[in-house]
Each structure stands twice: as structure tokens, then as C-alpha cells.
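Let me begin by presenting the structure, written as C-alpha cells, before commenting on it.
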Amino acid sequence: MTEGFEHLQPLDLIGDRSVVIEIGPGYHPEQNMLERLENVDDLVSGKSLYVAIDDKSYNLEHVTHGVVTRMSLQDFASSDLHNGKAESIYIFNVFGEPFSSASDNGFHAEVFKGLGRKLQTGGRIIIGEHITPLRAAFLREDLQRFRNIGLEPRLVTGYRDMLRELRELGFSVHYRNAFLGQSEENIRYEGPKAGGFLLILTKI
């Protein structure tokens with residue numbers, strides 16, 4: 001085990017298998033990716049391994065497959081856990097409005113460098129947020145900064161485009177409707193709440 005972190009299930013379960021990582025699986029059993037995705041046969045059968053990361057133990061209690069580890073996003077990104085093993089990393093409704101912090105314009109360089117090290121070549125970080133950050137344009141302006149650390153970005157906004165993307169990513173009808181319904185509701189607000197986004201970062 002990595003010193004200082006609580007692995008609630010043994011890391012030697014992983015072996016040479018690739019992993020699918022979720023940062024912040026949420027406190028409700030239906031919120032984690034095993035419930036949100038339509039095809040999880042490889043994860044349930046053990047061909048690939050689901051890994052849940054959260055700094056709150058109650059968000060991990062309902063996870064019944066794979067490995068769960070209690071640690072923060074920042075600590076996980078800076079660790080050597082699962083380096084080069086991840087097919088994908090899901091981060092949904094974790095960043096929120098702080099994603100566009102005034103000091104960093106939303107680009108958390110060290111965090112994304114660390115997450116990039118977890119990915120296999122061609123692996124993806126998939127970020128979804130119900131709420132568009134304060135500087136809605138910052139994502140488009142800062143895309144080159146992701147490329148500079150070896151992550152090719154693709155930003156998806158707007159109801160129809162997000163619906164198509166969620167479908168192609170394999171999310172269930174139930175979750176597509178829930179995500180887009182919440183995003184659409186936020187369009188009613190001014191300022192930072194402007195409808196949500198998806199950001200897909202592919203390791204090149």
C-alpha cells in the first residue's frame with residue numbers, strides 16, 4: 001500500500017489489468033460510473049478494474065466492485081498509483097465553479113500533469129460539470145495549455161452536442177437525462193451557471 005493513504009481493498013487485485021478510474025463517485029449508489037455507464041461487463045467481470053478515489057469514506061461505502069482508495073484528487077494526481085494503467089478517468093461534478101479560480105484561470109497544471117501520467121496512450125480524462133465556470137470562455141482560451149502537457153482537449157457545450165457526446169461515451173439514458181436536465185436548469189441563472197460542459201482530454 002502507498003503510505004499515508006487508506007486503500008479499502010487490496011491493490012494487488014490490479015495486477016497487469018488496465019483500470020477505469022473515477023474521482024468522486026458520490027454518496028448515492030446510483031451515482032458511480034458502474035451505474036451510469038451502459039456497458040460495464042469488462043469491469044464487473046474483472047477484465048478491467050474499476051478504481052474509485054474520494055477523500056470522504058462515505059462516498060466509497062456503496063462501491064461493490066474494484067478498488068476504493070480514500071485520498072484527495074490532488075494527492076492522487078501527485079502519487080504514483082496506477083501510472084500508465086488507466087483507460088479512462090471520470091471526473092463528474094468535482095471541480096464546479098472553482099474550476100475557474102481567479103489565480104489559475106481554471107487550469108490546474110500539476111493536477112492534470114499527474115492525471116496524464118495515469119493514462120495509457122490514447123486514454124482519456126472525461127470531465128463533466130452541470131455548471132459552466134465563471135469565465136465561460138476560459139476553457140476555449142486555455143485549450144493549448146492542455147496540449148502543452150500532452151493532453152489533446154475537446155470541449156463540448158450545448159444541450160444537443162452534450163447529449164450526443166454522452167451517448168457516444170456510453171452513458172445510460174437515465175444518466176444522460178439527469179445530467180442534461182440539471183445542466184438545462186442552470187441555464188436559467190446568470191453568471192457562472194450557464195448550462196454545463198463536457199471536456200475530454202486524450203493522452204497523445
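Every read-out reported here was derived from the displayed coordinates using simple, explicitly stated rules and does not represent laboratory data. Everything quoted here is computed from the prediction, not taken from an experiment. Positions of Cβ are backbone-derived with ideal geometry, glycine not excepted, and every protein chain shown enters the neighbour counts.
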Once amide H atoms are placed 1.01 Å from N in the peptide plane, what residues at a sequence separation of 5 or more from Ala86, or on another chain, have their amide H within under 5 Å of its amide H?
Val19, Leu119, Gln120
Hey, with R₀ at 22 Å, roughly what FRET efficiency would Arg145 and Asn83 work out to, going by the Cβ-Cβ distance, to 0.05?
0.50
Using the per-residue mean of other Cβ atoms lying within 10 Å as a proxy for protection, in what order, highest first, do the peptides 158-168, 65-75 fall?
65-75, 158-168
Counting Lys +1, Arg +1, Asp -1, Glu -1, what net charge surrounds Ser88 among other residues with beta carbon under 12 Å of its beta carbon?
+1
Taking amide H positions as placed 1.01 Å from N in the peptide plane, with prolines and chain starts having none, which residues 5 or more places from Phe92, or on another chain, fall under 5 Å of its amide H?
Ile23, Gly128
Between Ser72 and Gln182, how many nm apart are label points set 7 Å from Cα along the C-beta direction?
2.3 nm
